[in-house]
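First comes the structure, then the notes that go with it.
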Amino acid sequence: MPDPQNFASPARLVIRQSNAQGNQNAVASFADDVRAGLTAQPKTLPPKYFYDALGSQLFEAICLLPEYYLTRAETEIFERYAAEIVRQLPSPVGVVELGSGSSIKTRLLIEAILANQPELHYQPMDISASILELSAEALLGNYDRLQVTGHVGDYTRGLETIERQEGERLLALFLGSNIGNYTLTEGRALLKTIRKALQTGDGLLLGADLKKPVQVLIPAYADALGVTAAFNLNLLSRINRELGADFDLAQFEHQARYNEERGRVEAHLVSRTAQTVHLRGLGINIEFQPGETIHTENSYKYDLPQLAALAEEAGFKPAKTWFDGERRFSCNFWLAI
Ligand code: TRP
């Protein structure tokens, strides 16, 4: 964590941290999750662990790839409709963001809100302390009417500590089709948790990727340059570093598959050979068959009826949806009812 004196304006910045120690029962540690995932059949690893300092930067690089249309499509929507989006709620508005990362796209919404009101309280949440601190400092350097309260940790913990200033409506942002990284059941539960953290009359802006031909989907998750492969493999490298394991990264291959029946892209790490990996820190060895995979991520793709059903189940009224010019991606404003 940088020295607080180095922040652009310490008075306007608070960063809170929740860690596993503070909530041992509710939050399983990295070690416990890795042990559970790698001893399961089929093997899995939870995607939230992608986002260490390097993983978060690799994801920012993914967002710049020609094949990864999602970020560009969502940015196009904000460039075109930010003013209309923020007008869905009466001023003054406060903003909460789940999985804020670099907050680059969010700048377009921040600027649109600051055109309507003198100040803005922005509450970003991210699992990566480093990217949250960097983006908060950069924002404060650029917007002198902004106040930032950042939350490092799980969304569920962050949502418990949301602040509301006198008389303001809250706009929650869940962008980049992050919702798609949850199964339908988990997604429903998370949306209900978001709804509970809000009040009637607040809003949720949900960025959701739309169903489309597999020829477009697969390259978005398996780019020619190999950045997505590096992002996926970094999870093994993190396990090596933090849990004393000896994964040979050259013996695993990144693979993206489209699961038609479930409507999702899956990211896997495929073992190239029969091999045994030693996880010294956990005191276990894990065997791999040739071609056996670790399933590391799902990215569900939606249609509009599915999104409307999700909204209603969670206690929101789907009020308005915006699309990019090619209708690849949707931004959905839901009103908390
Ligand atoms: N939220 C992103 C998405 O579903 C995460 C992501 C992008 C991702 N590319 C990935 C996760 C590759 C795993 C592997 O689009």
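The values are calculated or read from the model by the stated rules, or taken from the named source; none is laboratory data. Because the structure is predicted, anything quoted here is derived from the model rather than measured. FYI the Cβ positions are ideal-geometry reconstructions off the backbone, even for glycines, and counts take in every protein chain you see.
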query = Which members of the range 101-138 meet the condition of being free of Cβ contacts under 8 Å to residues at least 60 places away in the same chain and within 19 Å of the chain's Cα centre (by Cα)?
reply = 102, 103, 104, 107, 108, 110, 122, 123, 124, 125, 134, 135
task = Give the range 212-245 a look and list any residue that's farther than 18 Å from residue 281 by Cα, over 19 Å from the mean Cα position of the chain (by Cα) and either more than 14 Å from the ligand (Cβ to nearest atom) or not in a helix (DSSP H, G or I) (or both), or say none.
result = 212, 213, 214, 215, 223, 224, 225, 226
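Please go through the range 128-150 and give me each residue that is small (Gly, Ala, Ser), out of contact with any Leu (no Cβ under 7 Å at 6 or more places or on another chain) and part of a helix (DSSP H, G or I), ordered by number.
Listed by number, the residues that qualify are 129, 130, 135, 138, 141.
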Answer from 137, 119, 111, 97 - the residue that is of a type in the set (Asp, Glu), at pLDDT 95 or above, within 16 Å of the ligand (Cβ to nearest atom) and farther than 21 Å from residue 231 by Cα = 97
note = Scanning the range 314-337 residue by residue, the ones that are out of contact with any Ser or Thr (no Cβ under 6 Å at 6 or more places or on another chain), crowded, with 20+ Cβ neighbours inside 10 Å and under 19 Å from residue 199 (Cα atoms) total 4
query = Residue check, residue 41 against (1) farther than 22 Å from residue 292 by Cα; (2) more than 11 Å from the ligand (Cβ to nearest atom), all met but one. Which one?
reply = (1)
task = Filter the range 100-127 down to the residues that are outside any helix (DSSP H, G or I) and among the hydroxyl-bearing types (Ser, Thr, Tyr), then identify the one that is farthest from residue 171 (Cα to Cα).
result = 102
request  = Look through the range 50-78, keep the residues that are within 11 Å of the ligand (Cβ to nearest atom) and under 19 Å from residue 29 (Cα atoms), and return whichever of them is modelled with the lowest pLDDT.
outcome  = 51
message = Out of the residues in the range 255-279 meeting the condition of being surrounded by fewer than 19 Cβ atoms within 10 Å (Cβ to Cβ) and within 11 Å of the ligand (Cβ to nearest atom), tell me which one is nearest to the chain's Cα centre (by Cα).
response = 266
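Please pick out the residue among 184, 173, 190 that is within 16 Å of the ligand (Cβ to nearest atom) and surrounded by fewer than 18 Cβ atoms within 10 Å (Cβ to Cβ).
From the options 184, 173, 190, the qualifying one is 184.
So which of 110, 131, 127, 104 is touching a Gly at 6+ places or on another chain (Cβ under 8 Å), surrounded by fewer than 24 Cβ atoms within 10 Å (Cβ to Cβ) and at negative phi?
One residue alone meets the criteria, 127.
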ask   = Looking at the range 79-91, is at least one residue part of a loop (DSSP other than H, G, I, E, B), over 12 Å from the mean Cα position of the chain (by Cα) and either within 14 Å of the ligand (Cβ to nearest atom) or crowded, with 18+ Cβ neighbours inside 10 Å (or both)?
value = yes
ask   = Among the residues of the range 296-313 satisfying the criterion of being within 16 Å of the ligand (Cβ to nearest atom) and either more than 21 Å from the chain's Cα centre (by Cα) or among the charged types (D, E, K, R) (or both), which is surrounded by the fewest Cβ atoms within 10 Å (Cβ to Cβ)?
value = 301
